[in-house]
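All remarks here apply to the structure that follows.
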Amino acid sequence: MISDDFRKITLLDWLENDLLLPVNCCEPASSDASFRRYFRITLPDQQLIVMDAPPDKENIAQFIKVAEFLRLSHVNVPRIYHQNLADGFLVLEDFGSVSFLDKVNSDNANELYGNALNSLLTLQTHADLNKCALPRYDETLLRRELGIFADWFIKQALDLEIPTAIWDKVCNILVNSALEQPVSCVHRDYHSRNIMVLHDNSIGIIDFQDAVIGPVTYDLVSLLRDCYIAWPQDQVNLWMSQYYQKLKQADIIICDLPQFTRWFDLMGMQRHLKAIGIFSRLNIRDGKSGYLKDIPRTLNYVMAQAKVYPELADFHGFLLQHVLPTYMRN
């Protein structure tokens, strides 16, 4: 707490004495699963967001680089007005406090998801992968992410061991499916908490600093099978198939819909397994228990897809016979 308070004092000193900004108010705007914090500052004529990203824990230069790349790709991300790389501070455009998750409901879902999907299509059709200098979502990264599920959820949260033969098969299926897909720029956390709803229901995108070059279905399934809100399967299938047609018209993919659906499903499973592991790690290691409530929804996605594909039958059986009973007892 003392360290956090000292950083806030340092932040205000930079704003007021170095930048000469007349700050009337500085209040917490949000925090996330990382070490970053955000403050909303009120000036006489506007409000701005200030990011506090400790340099020893967060790569603020990467945030700046990705923000510029996305802006050049016509994606609406916050403008960066001032930067202090030495201390890890940025002054950003304020997209407000209404997230997609806050705003979306059954009445406006088609409009808001349409806007979010259009923004994603803009990213996937305009991002120049030869100029982005982003890391690849390669086999090493995919397997490392899957390991988070096995280590933090299965072993540490549930005190179970998943049979090696079952887990190796799952990992191979998911990794091979991811790597055979066409690639695009991947936001990597394109979901309802990282999409802000602006005026006229237009949207702004935040939390993009971990972007990579990776599978074309990754952000799509992140949005449509969101860890924080679920929609009926028929609705998800409709949005997914409509987006598939747009990708095909843009010559980003040439596969048929069943192949695309398989990629979508298995990419979702990879992401959801990782998310369950991260939610568990946040609780066990970092003392952040707020994400535990999102595990049942996310695990339900995994169970549903494991049941659909015969090659995942052993994994589905393990989840049904061992994971679910243990999880329910905890």
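The values are calculated or read from the model by the stated rules, or taken from the named source; none is laboratory data. Since the model is a prediction, treat every value here as computed from it, not as a measurement. Please note: Cβ atoms are built from the backbone with ideal geometry, for glycine as well, and neighbour counts cover all protein chains shown.
Within the group Ser30, Ser99, which residue is under 25 Å from Asp189 (Cβ atoms) and at pLDDT below 95? Criteria check complete, one pass: Ser30.
If Ile49 satisfies all but one of (1) over 16 Å from Asp207 (Cβ atoms); (2) not in a loop (DSSP other than H, G, I, E, B), what's the number of the condition it fails? Condition (1) is where Ile49 drops out.
Can you tell which of His74, His82 is outside the structural domain of His199 (by TED's automatic domain parsing) and touching a strand residue (DSSP E or B) at 6+ places or on another chain (Cβ under 6 Å)? Matching residue, one of His74, His82: His82. Might you check whether a residue that is of a type in the set (Phe, Trp, Tyr), within 16 Å of the chain's Cα centre (by Cα) and surrounded by 21 or more Cβ atoms within 10 Å (Cβ to Cβ) occurs anywhere in segment 312-325? Within segment 312-325, not a single residue is of a type in the set (Phe, Trp, Tyr), within 16 Å of the chain's Cα centre (by Cα) and surrounded by 21 or more Cβ atoms within 10 Å (Cβ to Cβ).
Pairing residues of segment 119-137 that are surrounded by fewer than 18 Cβ atoms within 10 Å (Cβ to Cβ) with residues that are in a strand (DSSP E or B) and of a type in the set (Ser, Thr, Tyr), at Cβ distances under 8 Å and at least 6 apart in sequence or on separate chains, gives Leu129/Ser184. Taking only segment 109-164 into account, find how many residues are more than 20 Å from the chain's Cα centre (by Cα) and charged (D, E, K, R). So the answer is 7.
Of all residues in segment 220-230, none are buried (at least 20 other Cβ atoms within 10 Å of the Cβ) and in contact with a Pro (Cβ under 8 Å, 6 or more places away or on another chain).
For Asp200, are the conditions met, namely being surrounded by fewer than 23 Cβ atoms within 10 Å (Cβ to Cβ), out of contact with any helix residue (DSSP H, G or I) (no Cβ under 8 Å at 6 or more places or on another chain), under 18 Å from Phe100 (Cα atoms) and of a type in the set (Asp, Glu)? Against the criterion (surrounded by fewer than 23 Cβ atoms within 10 Å (Cβ to Cβ), out of contact with any helix residue (DSSP H, G or I) (no Cβ under 8 Å at 6 or more places or on another chain), under 18 Å from Phe100 (Cα atoms) and of a type in the set (Asp, Glu)), Asp200 qualifies. Restricting attention to segment 98-118 and to residues that are part of a helix (DSSP H, G or I) and among the aliphatic types (A, V, I, L, M), the residue that is surrounded by the most Cβ atoms within 10 Å (Cβ to Cβ) turns out to be Ala116. Of all the residues in segment 269-280, those that are farther than 15 Å from His316 by Cα and buried (at least 22 other Cβ atoms within 10 Å of the Cβ) number 6.
Only one entry of Asp294, Asp286 meets the criterion of being modelled with pLDDT under 95 and of a type in the set (Asp, Glu), and that entry is Asp286.
Close Cβ contacts (under 6 Å, 6 or more residues apart or on different chains) running from residues in segment 40-52 that are in the same structural domain as Ile80 (by TED's automatic domain parsing) to residues that are acidic (Asp, Glu) comprise Arg40/Glu27; Gln47/Asp94; Leu48/Asp94; Ile49/Asp94. Of all positions in segment 56-77, at least one carries a residue that is assigned to a helix (DSSP H, G or I), closer than 28 Å to His126 by Cβ and among the aromatic types (Phe, Trp, Tyr). Contact map, segment 217-242: residues that are among the basic types (Lys, Arg) paired with residues that are modelled with pLDDT under 95 and buried (at least 21 other Cβ atoms within 10 Å of the Cβ), Cβ distance under 7 Å, separation 6+ or inter-chain. No pairs are found. The set of residues from segment 179-230 being modelled with pLDDT of 95 or more and hydroxyl-bearing (Ser, Thr, Tyr) comprises Ser184, Tyr190, Ser192, Thr217, Tyr218, Ser222, Tyr228. Out of the residues in segment 63-105 that are hydroxyl-bearing (Ser, Thr, Tyr) and in contact with an Asp or Glu (Cβ under 9 Å, 6 or more places away or on another chain), which is farthest from Trp14 (Cα to Cα)? Taking the candidates together, the pick is Ser73.
Just one of (1) closer than 27 Å to Leu324 by Cα; (2) at pLDDT below 95 fails for Trp167. It is (2). For segment 242-256, the set of residues classified as of a type outside the set (D, E, K, R), surrounded by fewer than 15 Cβ atoms within 10 Å (Cβ to Cβ) and under 23 Å from Ile173 (Cβ atoms) consists of Ile254 only. Can you find a residue in segment 21-30 that is surrounded by 15 or more Cβ atoms within 10 Å (Cβ to Cβ), under 19 Å from the mean Cα position of the chain (by Cα) and assigned to a helix (DSSP H, G or I)? No, every residue in segment 21-30 fails to be surrounded by 15 or more Cβ atoms within 10 Å (Cβ to Cβ), under 19 Å from the mean Cα position of the chain (by Cα) and assigned to a helix (DSSP H, G or I).
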